[in-house]
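> Handing you a structure now.
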Amino acid sequence: STETKAVQQGSTSVQLQTGRTDIKAGDALSELDKAYRPTREMVDKIAEEGYLLVTWANWHYQDFVRTWVKQVQKVGITGYIVGAMDDHLLQVLIDQKVNTFSMKSGLSLGDFGWGSPTFAKMGREKIKLIRVFLKLGVYVIISDVDVLWLRNPIPYFKQYPTADILTSTDQLQNTVTDYSLEYWPRAASACNIGIMMFRNKSLEFVDRWIDVIEKDATVWDQNAFNDQFRKGVKDIPNEPQNLFMAYNGQLKMGILPVSAFASGHTFFTQRMWQTLNLQPYALHATFQFAGTPGKKHRMREFMLFDDLPEYYDHKVGFISFQFDGLAELLKNAGPNTGKMELANVEGHFKLVNHEILRVRTALAIASVLGRAVIIPQMWCGQDRWWAPHPGHIPGSNFTLPFPCPLDHVFDLEGGWTKELPEDTYGPSIGFREYSFLNNTKVSSAVRSSRVVIEVCDAGDATCSDGSSGGKIENDRLRVQAGLLSEQLRVALAPASNFKVLEFTTMKSALKNFTSERDWTKFYQRLRGYGSIWCCVLAHPGHIHYDPWFDIPHIDKFNKQWQTWQPTCGP
């Protein structure tokens, strides 16, 4: 698609993989740690015009590190460094000749988990990094590892030589339409500390910030930053660059433009950069609803995640399709009443449930054939948040309905990517993003190995009824609608060697599983695939998407449904 091609980068890849078996989580590499501690000599060698771009991670996030480094190198940033929080990642980065340093923190090698005590401790390590590198004499650009750099930001930061701190923000509405800093205080939402630039004068502020979060383990580092800089904040009369005075008038500060240093909402949901015809410098995968898998999938949708080569193929192949019948549903999918009530979301749920039904059929066929599903671009009638709203998150402004990320509707973390025992839940079902076949990392051999599966009317004698294999003519194979799983398997057998089966529709493409046992397993697996929409003004105000909404069933909360309808709570 046009919007994904606009930001797609090249295919150069840093392969953060190792065949080493001698590296273990608990190994003491004290000499290595000493050799790779941050020093002035180290930073002087790699700093770019006095700036150093810094991120950090543990081994669990090595694929994010690989992607981060690849993007940084692709846009020509040489002044970067990656802090390794464990010995395993440190050694691999050294082996791959990635600029790195040791920051052994004693934290887990696993997922930090947003909001967890480990997450909080990780945040404290991050703030200390700012101080470490400021004291080593460089301007510090601090970046979370789930930030992707799409342009070199150093020329941008050089345009603001008097700024002591520049920071990204969770502001959802732009106050400028170009690359200027946002207007303060019109852009006074909470600053987000995932992207920040610090110059030397800010060191005393950073010391105070660290002091606050070290004294009280319950204080979130981002809240502490916002609380500290807002003390004594005031405008600068006739300031031409939208800077303002912060921290009791001691520091000059600016808010980075939300279109160009984008949050997960302004980039993936609003696509503000596209509306304003701007080329963003960075995106931060915030405002998403499915943990680490959700971040990955959003980046993959825009062809920005650096997966390993095996991701771009599949041992059997793929199923692709497009949604039918969206035009009419989209007309009434936006807010119905403009109020934070159930009646307001009726059109949204009609749209999304239609899409869920088609995805469910595709997943069932993929389960039968052992293939992965390429999920089409989802559309939503209303935005999703963590609190009540009438369709838009307060402060945002974009057109509804809109093309929405997959994690708005489906639970990618707790459902789709969760390992489940196959004897109870049937085979695991792979999936790919809607832009998958447009990605240049997918080989031409895969893309060209494609056959169209035309779903005909039931009873059409010119289409296979599943009693024997269908006939492929002009790269098309025609099958009757409403076949059972074994009939469909037989009908599609002649196409088994093709990598991509492109269905003309998922409407009635499969009636049911031939075996009731197989259906039961599939039913159990999909019960956990739906996420939630949030929220109307009620307690609770969220509504769970239910993959089995169209039939009498027991949902994942063991609630019996005869006729499903949008209902708050479990």
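The values are calculated or read from the model by the stated rules, or taken from the named source; none is laboratory data. Worth saying up front: this structure is predicted, and the values here are computed from it rather than measured. Glycine gets a Cβ as well: all are built from the backbone with ideal geometry, and neighbour counts include every protein chain shown. Note: areas computed on protein heavy atoms with side chains; ligands, DNA, RNA excluded. Shrake-Rupley method; radii C 1.70, N 1.55, O 1.52, S 1.80 Å.
> Step through the table entries LYS45/LYS441; LYS231/LYS296; LYS128/LYS158; LYS70/LYS507; LYS70/LYS252, compare each Cα-Cα distance with 30 Å, and write down the pairs that go over it.
Values: LYS45/LYS441 33 Å; LYS231/LYS296 37 Å; LYS128/LYS158 24 Å; LYS70/LYS507 41 Å; LYS70/LYS252 33 Å.
Table pairs above 30 Å Cα-Cα are LYS45/LYS441; LYS231/LYS296; LYS70/LYS507; LYS70/LYS252.
> Same structure, new question: If the convex hull of the alpha-carbon atoms of the range 414-570 is projected onto planes in all directions, what is the mean projected area in square nanometres? Display every interim value, and only then the final one.
Working: hull surface 48.4 nm².
Mean projected area of the Cα convex hull: 12.1 nm².
> Taking only protein heavy atoms and a 1.4 Å probe, what accessible area per residue, in Å², does the range 395-498 have with all protein chains in place? The partial results should precede the final answer.
Values: 4880 Å² over 104 residues.
The answer is 47 Å² per residue.
> Using a 4.7 Å Cβ cut-off, which Cys residues in the chain lack a partner cysteine?
Taking the Cβ cut-off of 4.7 Å, the unpaired cysteines of the chain are CYS191, CYS568.
> Taking a temperature of 4 °C and a viscosity of 1.567 mPa s, what whole-number D in µm²/s does Stokes-Einstein yield for the chain with Rh from Kirkwood over alpha carbon pairs?
Working: Rh = 25.7 Å.
For these conditions, the coefficient is 50 µm²/s.
> When the accessible area of the range 201-257 is computed with all protein chains present and a 1.4 Å probe, what percentage of it is carbon and sulfur?
Details: 1310 of 2720 Å².
C and S atoms contribute 48 percent here.
> Find which of HIS392, LEU406, PRO421 sits farthest along the positive direction of the dipole of the range 352-425, computed with +1 on the beta-carbon of Lys and Arg, -1 on that of Asp and Glu, about the Cα centre.
With unit charges placed on the Cβ atoms, the residue in question is HIS392.
> Could you tell me the relative contact order of the chain? Use alpha-carbon pairs under 8 Å, at least six residues apart, and round to a whole percent. Each step should come with its number before you reach the end.
On the way: 1132 pairs, mean separation 64.8, N = 570.
Dividing the mean separation by the residue count of the chain yields 11 percent.
> Which value at 222 nm does the chain reach when only helices count, each DSSP H run of 4 or more adding -39,500 (n - 2.57), with the total divided by all residues and rounded to the nearest 500 deg cm²/dmol? Don't skip to the answer; put the middle values down first.
Working: 17 runs with 158 residues, N = 570.
Value at 222 nm, helices only: -8000 deg cm²/dmol.
> I've got another one for you. What does the accessible area per residue of the range 504-569 come to in Å², with a 1.4 Å probe and no ligands, DNA or RNA counted?
Working: 3280 Å² over 66 residues.
Averaged over the residues of the range 504-569, the accessible area is 50 Å².
> Separate question: Of VAL479, PHE157, SER508, which is farthest along the charge dipole of the chain in the positive direction, counting Lys and Arg as +1 and Asp and Glu as -1 at C-beta?
So the residue furthest toward the plus end is PHE157.
> Report Rg (one decimal) and Dmax (nearest whole number) for the range 225-289, counting Cα atoms only, units Å.
14.7, 41
> How are the Cα pair distances of the range 237-383 distributed, in percent, across 5 Å bins from 0?
Percent of pairs per bin, in order: 2, 8, 11, 12, 16, 16, 13, 8, 6, 4, 3, 2, 1, 0.
> Please express the Cα-Cα pair-distance distribution P(r) of the range 270-354 as a list of whole percents, one per 10 Å bin, running from 0 to the bin with the greatest distance.
Final binned percentages: 12, 25, 38, 21, 4.
> Then there is this: Under a plain spin-label model, where a point goes 7 Å from the Cα along Cα-to-Cβ, how far apart in nm are ILE236 and GLN279?
It works out to 2.8 nm between the two label points.
> Considering only protein heavy atoms and a probe of 1.4 Å, how much of the accessible area of the range 416-535 is carbon and sulfur, as a whole percent? Can you show the working numbers first?
Numbers: 2640 of 5820 Å².
That fraction is 45 percent.
> Same structure again: If each of TRP519 and SER189 carries a label point 7 Å out from its Cα toward its Cβ, how far apart are those two points in nm?
Result for the modelled spin labels: 4.6 nm.
> Rounded to a whole number of µm²/s, how large is the Stokes-Einstein D of the range 456-518 at 10 °C and 1.306 mPa s, given Rh as the Kirkwood radius over C-alpha pairs?
Working: Rh = 11.8 Å.
The estimated diffusion coefficient comes to 134 µm²/s.
> Under Stokes-Einstein, with the Kirkwood radius over Cα pairs standing in for Rh, what whole-number D in µm²/s applies to the range 448-488 at 25 °C and 0.890 mPa s? Please report the intermediate quantities before stating the final value.
Numbers: Rh = 10.3 Å.
My calculation gives 237 µm²/s for D.
> Which three extents, in angstrom, do the Cα atoms of the range 318-398 have along their principal axes, listed largest first?
45, 26, 21
> Under 21 Å Cα to Cα from LYS556, which lysines show up? Leave out anything in the same chain fewer than 8 places away.
Within the straight-line cut-off, LYS556 pairs with LYS350, LYS418, LYS521.
> Using a 1.4 Å probe, what is the accessible area per residue for the range 209-318, in Å²? Let's see the in-between values first.
Values: 3910 Å² over 110 residues.
On a per-residue basis, 36 Å².
> Further question on the same structure: Along its principal axes, what span do the Cα atoms of the range 364-433 show, with the longest given first and each in whole Å?
So the three principal-axis extents are 46, 22, 14 Å.
> Evaluate the distance, in nm, between pseudo-label points positioned 7 Å from the Cα of VAL316 and of CYS568 along their respective Cα→Cβ axes.
About 4.3 nm, to one decimal.
> Relative contact order for the range 237-290 using alpha-carbon pairs under 8 Å, separation at least 6, rounded to a whole percent?
Numbers: 58 pairs, mean separation 15.6, N = 54.
About 29 percent, as a whole number.
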